[in-house]
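The values are calculated or read from the model by the stated rules, or taken from the named source; none is laboratory data. Small disclaimer: the values here were computed from a predicted structure and weren't measured. Methodologically, a virtual Cβ is constructed for each residue, glycine included, from the backbone with ideal geometry; neighbour enumeration extends over all protein chains shown. Protein only, heavy atoms only, side chains kept; ligands, DNA and RNA dropped before computing areas. Shrake-Rupley method; radii C 1.70, N 1.55, O 1.52, S 1.80 Å.
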Amino acid sequence: MSTAAIKKTTSKSWRVVDIVVAALIAIAGGVIFWAWSQGAAAVSGPMNAVYPPLTGLIAGGWMIPAVLGMLIIRKPGAALFCETVAATGELLMGSQYGASVLFSGFVQGLGAEIIFAIFVYKKFNLPVALLAGAAAGLFCGLNDSFAPWGWNIAYAGGDKLAYIIFTAISGAIIAGALSWIATRGLARTGVLSSFASRKAATEPVFS
Amino acid sequence: MQAPNHHGAAGAVRPAAVTARGWGWRHAGRAKPAVHALDLDILPGERVLLLGPSGAGKSTLLHALAGVLGDVNDDGEAGDSDESGSLLVDGGSPRGQRGRAGLMQQDPETQVVLSRVGDDVAFGAENLAVPRDAIWTRVHEALADVGLSHLPLDHPTSALSGGQKQRLALAGILAMRPGLILLDEPTANLDPAGVLEVRDAVARCLDKTGATLVVVEHRVSVWKDLVDRIVVLQPGSAADPAVLLDGPPDRVLDEARTMLAAAGVWVPGYVPATRPRAGDARPGAGDLLLAAEKTAVSRERPRRSGFRKIPPVPVQEDITAQVRAGQALAITGPNGAGKSTFALTLAGLLEPVTGKISATTNLSRGAGIDPFRWKAEQLIERIGTVFQEPEHQFVTGRVRDELLFGPRHLGHGEDRVDELLERLRLTPLVDANPYTLSGGEKRRLSVATVLAASPQVLVLDEPTFGQDANTWAELASFLSELLDSGTAVVSVTHDAEFTAALGGTELKLAAAEKVAL
Amino acid sequence: MRQELHVRGNNALLTRANPLSKLAAVVLITVVLALSIDWVSATVALAFEVLLFPLAGLTLTLLWQRGWPLILAAAVGGWSTSILAPDSGRTLIDVGIWTMSQGSLETGLGFMLRGLAIALPAVLLMSCTDPTDLADALAQKARLPHRFVLGTLAAMRLVGLLAEEWQTIGMARRARGVGSRGSVLQRVKATLGQSFGLLVQAIRRASRLAVTMEARGFGGGTRTWARASTYSVLDAWVLAGGLLMAGLAVVAAVSAGTWNMVWLGG
Ligand SMILES: Nc1ncnc2c1ncn2[C@@H]1O[C@H](COP(=O)(O)OP(=O)(O)OP(=O)(O)O)[C@@H](O)[C@H]1O
Ligand SMILES: Nc1ncnc2c1ncn2[C@@H]1O[C@H](COP(=O)(O)OP(=O)(O)OP(=O)(O)O)[C@@H](O)[C@H]1O
Ligand SMILES: [Mg+2]
Ligand SMILES: [Mg+2]
């Protein structure tokens, strides 16, 4: 009978459970956002009609997988992986952005990932979550405004700036703060028992 | 590394032996070990039924044997899992020889890995680096062994019934040619026909391969004749060894019948005593509260195609039923018949596709005739619904808040909370997070939270599913008391004993016609 | 979310091409179209895409059923661009912050067509590509780490389940008195709670699925593949087709004088 040799894992390498949970968080994020956007249409419609850059304020929803995935899995690459998977999921469902959604996902994930990397994957407190969310939002805003496939590429300069500020704020609050709160809640339920984040609920908020 | 029997018949499987010496395991973040001081020898080819109360560590042991336990980070933090003693399969560590054992868990949904039947069965063999041609030989053989060879290889796994999914999982395990087959409650949410299908498939495969079997199941009667040994575990504690009893089925069941029954094990021919129903002496008993007329039900909402709306295809049509105060109504039928869907429609949570659900004035008290149109606050003090999965209904982070939630919304009735806590033995847990409770505790809590709003109609979906005999009896007695006090109880269940204990009428739904995919 | 494109039963020619070559062609077209906002290149690409429908087993009716949100989104994108793009030419509308000029309207229209031309190839790709085959190709041909590819594939299978669970949790919470109707604030709160419930279930499910996969020997170093992902002559045609389409779109736009590089034009 053949056997599969199993490597002893170190705290930085990904286990199977990390991969599957990260992927499913990204996908659940997609399901939530999809459900959310049914209701959000009521908000985004008027936003678009009044001043389209305002829609940047709800963009944070797209970045939740990046921050939430990292706060839970706590392995290098988690933000990038989750956001890319979320974008792939969106592509499979049929996205209005076409294949460009893959680039956007990658770029947003990269924004969050950089912040966590700066803190050498050791800090997962509220300020870091907010920063990561803001960075994801910033990258999202930059991508949408300056990349050729960006949805807002043809806006005038001032509108682009407004949009980017809105996405960064939205990223910090919706993706950053909400993910941080959700992680603490999840840790209390015991479902994170096999992850490094299992004690997230009792970790200090600021240090 | 590669086995010599890749091309051989499944008969060439070499059964595995299990040896445990003082083995113990504590999960990460837990104070007490899940298993403590386990001494156990299982000979090659033996078939063992593993029993024990909830939390005795049965699943933990199966996971350890499959080599999937404790792949926890060695980040050296305090509070991580730890292992003591030794647990060996064929004299080696299970972790180093994955594929030697095949594990089937309880939830059929997560037993399926890929979306096509053929791929899913091939998955294990691929991971064991079996050459491509040999994989397909194994896939066909395994599918035939579990009785699924009529399915095309690209049949979508999402279109299988619960019983078929479990048999597919078994095929996936067989394609790895394991010497040790581990089954963790493989038939828990199946209807009686599905249970037999799975049991028979297992029996056939064992007869053919001679592999060693360890199966965990609360209901002994299903597996009694198939196994040659019963091992009873007890929850981990520092003082006692893990194995409480060990021997041939008949002897164990004879010797320890009362003890097993007291521990909540479902021994054959034993139905726990429940409180008998009193007569329908109360005034108002028998009044009509809720009626379904020629209702067709479906979970799906109308689909939108461009600008058109297409109504969903109902899973059941022409259902007529009446719910009366102080009387029980049991909804029964095979898996997928639409029992839960109908119960949810009756409870005002889904809109009927056609036909109508109407509440009489006894129930509606001014809220209107159609429960689906009621506001959430109006609904909970009239119809309370307990879902099959208790976790779906938790809305707060503390047991007490959970119970207070309904009454606070309604602005009355908080006095009932303490009584319910006491009655359902939840008082010691008031400060715990609901999600961290055991299965039995979660079930009791979800019943209590719904009752806290004092509904006149109680709808329960599979209330006894996965419960040990003690929780079962407690629940049945409690419901019989509620019935006597005038509440109507509607339950969806596969459990004939439970239906009998509550009395009342039975609504049998026929199997839904399978839509061709 | 439930509008997954079903590939089973689709026997069109393009279903037999390797997913990687199809993906490469789609990415190429996306990038080229993205480079310019003009209605000529977008229209040429759109025309080609519609011609390709039969090869991918897609019909206009199917597209309308599944893709109408895309069309709506393209229209909205066109609107917001036409009021926000820098103005040039005659002013058509001017109400406070809203200004629409001939120039910006043109940009907006081009933007709308371009949006559709970028979205459609992805719809085409997914309607003739099975996710399992895509994963096979990504792991075997593109050499992405198989643990990540297959882990993700297995998780993707649970999407439908999660969508059902979302609905169930919504009902379960209504049965507890949490209204999903009511004021905006109440609805937001209800949705957040429901999302949390879904996350808990998703993590439980994923943990169990990971155990199942590991118990089937997944996670080791080497593995074999029951189905080989292969290239054929068809793939060369797919790539050539992608190149041709992108090339023609550019040539048409340049010769019509409408080619308008995103970073240069205004
Ligand atoms: N992943 C885990 N992390 C932390 N604790 C766990 C984990 N899995 C199980 N436990 C705990 O270990 C103990 C034994 O659990 P186990 O699931 O093995 O019991 P069981 O005998 O299978 O019970 P049941 O009949 O309810 O399935 C319980 O106290 C349980 O809460
Ligand atoms: N959320 C859902 N969305 C769409 N279809 C569903 C959903 N849940 C179940 N179904 C389908 O509806 C049918 C009836 O399901 P239902 O859960 O009512 O059956 P049941 O009689 O309760 O079965 P069981 O005994 O397995 O619980 C099944 O064919 C099932 O596949
Ligand atoms: Mg168990
Ligand atoms: Mg059901």
_List the trypsin sites (Lys or Arg not before Pro) within segment B:405-444 that DSSP assigns to loop and that have no more than 12 neighbouring Cβ atoms inside 10 Å._
none
*Treat every Asp and Glu Cβ in chain A as -1 and every Lys and Arg Cβ as +1, leave all other atoms uncharged, and give the resulting dipole magnitude about the Cα centre to the nearest 20 debye.*
980 debye
*asked:* As I understand it, the value is the acute angle between the Cα axis of helix A:100-118 and the longest principal axis of the Cα atoms of chain A; what does it come to in degrees, rounded to 10?
replied: 60 degrees
*Loop chymotrypsin sites (Phe, Trp or Tyr not before Pro), segment B:298-383 (other Cβ atoms within 10 Å of the site Cβ: 16 or fewer; DSSP)*: B:Phe307
*Going by the alpha-carbon gyration tensor, a ≥ b ≥ c the square roots of its eigenvalues, is chain B rounded (a/c under 1.5) or, if a/c is not under 1.5, prolate (a/b greater than b/c) versus oblate?*
prolate
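Using the scaling law 2.2 N^0.38 Å as the reference, what is the normalised Cα Rg of segment B:182-239?
In units of the 2.2 N^0.38 Å rule of thumb, it is 1.27.
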*Using a Gaussian network for chain A with springs between C-alpha atoms less than 10 Å apart, which of these wobbles most: A:Leu130, A:Leu138, A:Leu192?*
A:Leu192
*What size of dipole, in debye to the nearest 20, comes out for the protein assembly as shown about its Cα centre when the only charges are +1 on Lys and Arg C-beta atoms and -1 on Asp and Glu C-beta atoms?*
1040 debye
*How large is the dipole of segment B:240-317 about the Cα centre if only Lys and Arg carry +1 and Asp and Glu carry -1, each at its Cβ, rounded to the nearest 20 debye?*
940 debye
_Helix-derived mean residue ellipticity, 222 nm - over the protein assembly as shown, DSSP H n ≥ 4, -39500 (n - 2.57), to 500_ = -15500 deg cm²/dmol
*Counting only trypsin sites (Lys or Arg not before Pro) that are in a DSSP loop and have at most 12 other C-beta atoms within 10 Å, tell me the longest site-free stretch of chain A.*
A:13-121
_Listed residues C:Leu244, C:Leu185, C:Leu55, most fluctuating in chain C (Gaussian network, C-alpha, under 10 Å)_ = C:Leu185
*To the nearest Å, what is the center-to-center distance of segment C:225-266 and segment A:133-199, using C-alpha atoms only?*
32 Å
*Of C:Leu72, B:Leu288, which has the most accessible area and how do the rest follow, probe 1.4 Å?*
C:Leu72, B:Leu288
*Of C:Thr224, C:Thr168, C:Thr30, which has the largest mean-square fluctuation in a 10 Å C-alpha GNM of chain C?*
C:Thr224
*What does segment C:119-257 give for Rg and for Dmax, in Å, if only its C-alpha atoms count?*
22.4, 65
*Förster-model FRET efficiency, 35 Å R0, B:Thr361 and B:Asp415, C-beta, rounded to 0.05*: 0.80
*Mind checking which of C:Leu192, C:Ala137, C:Thr168 is farthest towards the positive end of segment C:135-216's charge dipole, using Cβ charges of +1 (Lys, Arg) and -1 (Asp, Glu) about the Cα centre?*
C:Leu192
*Given charges at Cβ of Lys, Arg, Asp, Glu: segment A:28-165 dipole, positive-most of A:Met70, A:Ala86, A:Val50*: A:Met70
*asked:* With bins 10 Å wide starting at 0, give me the P(r) of segment C:135-216 over every alpha carbon pair, in whole percents.
replied: 16, 34, 24, 16, 8, 0
*At 1.4 Å probe size, with every protein chain present, just tell me what the per residue accessible area of segment B:368-517 comes to in Å².*
38 Å²
*Evaluate the Kirkwood expression for the hydrodynamic radius of chain C, namely the inverse of the mean inverse distance over all pairs of different C-alpha atoms, and round to one decimal in Å.*
21.9 Å
*Can you send over the carbon and sulfur percentage of the accessible area for the protein assembly as shown, probe radius 1.4 Å, protein chains only?*
60 percent
*Can you grab the distance from the C-alpha centre of segment B:25-41 to the C-alpha centre of segment B:93-154, Å, no decimals?*
30 Å
*Roughly how many whole Å is it from the C-alpha centroid of segment B:184-208 to that of segment B:294-364?*
31 Å
*Mind checking which of C:Val44, C:Ile83, C:Leu116 is farthest towards the positive end of chain C's charge dipole, using Cβ charges of +1 (Lys, Arg) and -1 (Asp, Glu) about the Cα centre?*
C:Leu116
*Tell me: how much accessible area in total is hidden between B and C, 1.4 Å probe, Å², nearest 100?*
5400 Å²
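With the cut-off at 1.5 for a/c, could you classify segment A:79-140 from its C-alpha gyration tensor as rounded, prolate or oblate?
It comes out prolate by the Cα gyration axes.
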*Tell me the label-point distance for the pair B:Lys508, C:Gln65, using the 7 Å Cα-to-Cβ offset, in nm and rounded to one decimal.*
3.7 nm
*Find, to one decimal place in angstroms, the Kirkwood hydrodynamic radius of chain A, where the mean of 1/r is taken over every pair of different Cα atoms and then inverted.*
17.3 Å
*Debye intensity ratio I(q)/I(0), log10, segment B:280-360, q values 0.21 Å⁻¹ (C-alpha model)*: -0.95
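Give me the summed buried accessible area for the C-A pair, 1.4 Å probe, to the nearest 100 Å².
Summing both sides, the interface buries roughly 5600 Å².
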*Rounded to the nearest 10 Å², the accessible area of B:Lys508 at probe 1.4 Å*: 150 Å²
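Can you pull out the GluC sites (Glu not before Pro) in segment B:452-517 that DSSP calls coil and that have at most 11 other Cβ atoms within 10 Å? Present the calculation step by step, with values, prior to reporting the outcome.
Numbers: sites: B:Glu474, B:Glu481, B:Glu497, B:Glu506, B:Glu513; in loops: B:Glu513.
Those satisfying the criteria are B:Glu513.
On full extension of the chain, what length is gained from C:Leu55 through C:Leu72, given 0.36 nm per residue of separation minus the C-alpha to C-alpha distance?
Full extension from C:Leu55 to C:Leu72 adds 3.6 nm.
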*Which whole number of Å³ per residue matches the convex hull of the alpha-carbon atoms in the protein assembly as shown?*
164 Å³
